[in-house]
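Student: This is the structure I want to talk about, given as structure tokens.
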Amino acid sequence: MSHEVEDRQWTEGGPGFDRRLRTDCPFCRIVRGVAPAHVVRDWTDTLAITPRGGGVTPGHVLVLPKTHVPDVAADPAVSATTMRHAAELAAEVGDCNVITSRGAAATQTVRHLHVHVVPRRQGDGILLPWTTPQEGSGSGRPGRERRPWTMGPAER
């Protein structure tokens, strides 16, 4: 992933600005330049930023469209473009999780499409958030224990 990182603000009406941005959306506020962000990559229609707090692993980024799209299903064309840029970053970092969520039950906390690119390394201790209801999360499949995801023999 590029290490050319800068903090940037966008001028209203300038390149990449979309008038459909919402004033109540934290990612729209970043795109509009009224909220700070650590920019990792800037495309015409998409932005990659470092999550607040730095993310769960070094190199964790959020890829988000510069237009307000609430989730991956709302606008397939925008979702495809956002995912293409996430894939470009994933190709640069090697092993990683590429994750987006749709809806509160799926752990979406900000209603603006964003794709996490989370670099991984063997033994990093990061677990995917799929747990059983008995573990207190209220999600997951019964009878499944929380554990790192690994490919089974049929998937290799």
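Student: For the range 18-31, which positions are modelled with pLDDT under 90 and open to solvent by 40 Å² or more (accessible area, probe 1.4 Å)?
Tutor: Within the range 18-31, R19, R20, R22, T23, D24 meet the criteria.
Student: For the range 96-118, give me the residue count where each residue is in contact with a Pro (Cβ under 7 Å, 6 or more places away or on another chain) and over 14 Å from P65 (Cα atoms).
Tutor: 2
Student: Next up: Testing E12 on (1) among the charged types (D, E, K, R); (2) at pLDDT 95 or above; (3) in contact with a helix residue (DSSP H, G or I) (Cβ under 8 Å, 6 or more places away or on another chain), one condition comes back false. Which one is that?
Tutor: (2)
Student: Another one. Could you please tell me which pairs satisfy a Cβ distance under 7 Å, a separation of 6+ or placement on different chains, a first residue in the range 122-135 that is within 21 Å of C96 (Cβ to Cβ), and a second residue that is open to solvent by less than 70 Å² (accessible area, probe 1.4 Å) and modelled with pLDDT under 65?
Tutor: Going by the 7 Å Cβ cut-off, the qualifying pairs are W130/S139; W130/G140.
Student: Within the range 105-115, count every residue that is open to solvent by 50 Å² or more (accessible area, probe 1.4 Å) and within 23 Å of R20 (Cβ to Cβ).
Tutor: 2
Student: Looking at the structure I just gave you, is A48 touching a residue at least 12 places away in the same chain (Cβ under 8 Å), in contact with a Lys or Arg (Cβ under 7 Å, 6 or more places away or on another chain), loosely packed, with under 15 Cβ neighbours inside 10 Å and over 22 Å from G125 (Cα atoms)?
Tutor: The answer is no for A48.
Student: Please find, within the range 75-86, the residue that is nearest to P58 (Cα to Cα) out of those that are surrounded by 14 or more Cβ atoms within 10 Å (Cβ to Cβ) and not charged (D, E, K, R).
Tutor: A86
Every residue, every condition in (1) open to solvent by 40 Å² or more (accessible area, probe 1.4 Å); (2) in contact (Cβ under 8 Å) with a residue 40 or more places away in the chain, yes or no:
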residue	(1), (2)
P36	yes, no
G53	yes, no
T57	no, yes
A91	yes, no
S101	no, no
V118	no, yes
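Student: Let me ask something else. What strands (runs of 3 or more DSSP E) lie completely within the range 42-156 and have 3 or more residues being modelled with pLDDT of 95 or more and touching a helix residue (DSSP H, G or I) at 6+ places or on another chain (Cβ under 8 Å)?
Tutor: Fully inside the range 42-156 and qualifying: 46-49, 61-65, 115-119.
The values are calculated or read from the model by the stated rules, or taken from the named source; none is laboratory data. What you are looking at is a predicted structure, and each value in this text was computed from that prediction instead of being measured. With ideal geometry, Cβ positions are generated from the backbone for all residues, glycine too; neighbour counts draw on all protein chains shown. Accessible surface is based on the protein model in full, side chains and every heavy atom, while ligands, DNA and RNA are left aside. Shrake-Rupley method; radii C 1.70, N 1.55, O 1.52, S 1.80 Å.
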